[in-house]
Amino acid sequence: MAKAPRRNARIDLNNATAEELEGIEGIDGERARLIIEHRSTRGSFRSWEDVLSVSGIDTVLLGKLQEGSSLGAAAGPPAEGARAATGGGAGTAAGAAKAPRPTAGGGIGDMTALEEIMGLILLDLAAAEAYRVAIAACKTPEIKRQLEAFQGDHERHARALSDALGASLPEEPDDRGQCIRRYTELSAREERTALVAMRGNEELTNDAYASALASDLPDDVRRMVEANWQDERRHIRWITEEIRARGWELPEVPSSLAEAA
Ligand SMILES: [Fe+2]
Ligand SMILES: [Fe+2]
């Protein structure tokens, strides 16, 4: 009905107004606002990977955005490749986020890919450690159990990725890992703050996985990263929903106060 523009012309995600964005299936007022906010604070979207980093945009929505919009002049060649790869729709959205690869399979000869995977391993270990801290701050058995399962996922991810590289697990966290642990220790005072801290950590992890999928990965590693990423998306969904259902979301700071700070 009001969504006709989607069929008539591709909307340029880098220039679209909120009203135009809302013409795309799945994009409501809040998501349109987040897209515009992301664009104005971080600049034009250069790839679909950038779009995926907007909060509230998951791979299903990404597929819809790819059908109903383009990235205009700011997009580089990877975005074109990604769009061509969408074909059948939402089911291929996660795969579509990757950059085109010159060859299929092969080892990790690309330093960027290697760095991405090493980064994921360190981040998974840091997340597992942060979960340990958060679990200690929680009392509700159901929450503890769920967080323990998530902690186990992160440990499993780190081991599997290390095995794929033929490397042993790092013994020490890197600087970022230490920051994550410290942040969680300072924030996770009780259940509510523990979940809010872990939501922040999961945002970081989810972004890192999305970014790794945009690099040139061998097929077997890519499949592993995609499977892990599905776990990560499940983690953040559960935490976000739990915070909401328990009424633990803090009111937003009024913009006048935020500006004064
Ligand atoms: Fe992970
Ligand atoms: Fe996670």
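The values are calculated or read from the model by the stated rules, or taken from the named source; none is laboratory data. No experiment lies behind these values; they were computed from the predicted model shown. Heads up, the Cβs are rebuilt from the backbone with ideal geometry, glycines too, and the neighbour counts pull from every protein chain shown. Calculation scope for accessible area: heavy atoms of the full protein, side chains included, ligands and nucleic acids excluded. Shrake-Rupley method; radii C 1.70, N 1.55, O 1.52, S 1.80 Å.
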Inset, instruction - Sort Trp229, Trp248 by accessible area with a 1.4 Å probe, largest first. - result: Trp248, Trp229
Legend entry - Integer Hz, Karplus 6.51/-1.76/1.60 couplings in order for segment 44-53, x for Gly and Pro: 4, 6, 9, 8, 5, 4, 4, 5, 5, 7
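When the accessible area of segment 111-245 is computed with all protein chains present and a 1.4 Å probe, what percentage of it is carbon and sulfur?
Working: 3160 of 6240 Å².
In segment 111-245, the share of accessible area belonging to carbon and sulfur is 51 percent.
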Inset, instruction - Pull up all non-local amide H partners of Ser70: gap of 5 or more, or a different chain, and H-to-H distance under 5 Å with H placed in the peptide plane. - result: Ile11, Asp12, Leu13
Inset, instruction - Convert each backbone phi in segment 248-256 into a coupling constant with the Karplus relation 6.51 cos²θ - 1.76 cosθ + 1.60 (shift: θ = phi - 60°), then list the ³J(HN,Hα) values in order as whole Hz, x for Gly and Pro. - result: 9, 6, 7, x, 5, 5, x, 4, 5
Legend entry - Net lengthening on full extension, Cys179/Ser256 (0.36 nm per residue, minus Cα-Cα): 24.7 nm
Inset, instruction - Could you tell me the accessible area of His157 in Å² (1.4 Å probe, neighbours in place), rounded to the nearest ten? - result: 0 Å²
Legend entry - Where segment 111-245 is the region considered: accessible area per residue in Å², 1.4 Å probe: 46 Å²
Inset, instruction - Treat each spin label as a single point 7 Å out from the Cα along the C-beta direction, and report the Ala136 to Arg159 distance in nm. - result: 2.3 nm
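Kindly identify segment 10-59 as rounded, prolate or oblate by the Cα gyration tensor criterion: order the square roots of the eigenvalues as a ≥ b ≥ c, call it rounded if a/c is under 1.5, otherwise compare a/b with b/c, prolate if a/b is larger, else oblate. Kindly include the intermediate steps, with their values, before the conclusion.
On the way: a/c = 1.39, a/b = 1.22, b/c = 1.14.
Cα axes put segment 10-59 in the rounded bin.
What does the charge dipole of segment 111-245 about its Cα centre add up to, to the nearest 20 debye, if the Cβ of each Lys and Arg holds +1 and the Cβ of each Asp and Glu holds -1?
Details: 18 positive and 27 negative charges, 130 e Å.
About 620 debye.
Name the trypsin sites (Lys or Arg not before Pro) in segment 129-230 that are in a loop by DSSP and that have at most 13 other C-beta atoms within 10 Å, would you? Could the numbers behind the result be given before it?
Values: sites: Arg132, Lys139, Lys144, Arg145, Arg156, Arg159, Arg176, Arg181, Arg182, Arg189, Arg192, Arg199, Arg222, Arg223; in loops: Lys139, Arg189.
Answer in residue order: Lys139, Arg189.
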Legend entry - C-alpha center-to-center spacing [segment 123-147, segment 176-249] in angstrom: 12 Å
Inset, instruction - Mind grabbing the accessible area of Val253 for me, 1.4 Å probe, Å², rounded to tens? - result: 100 Å²
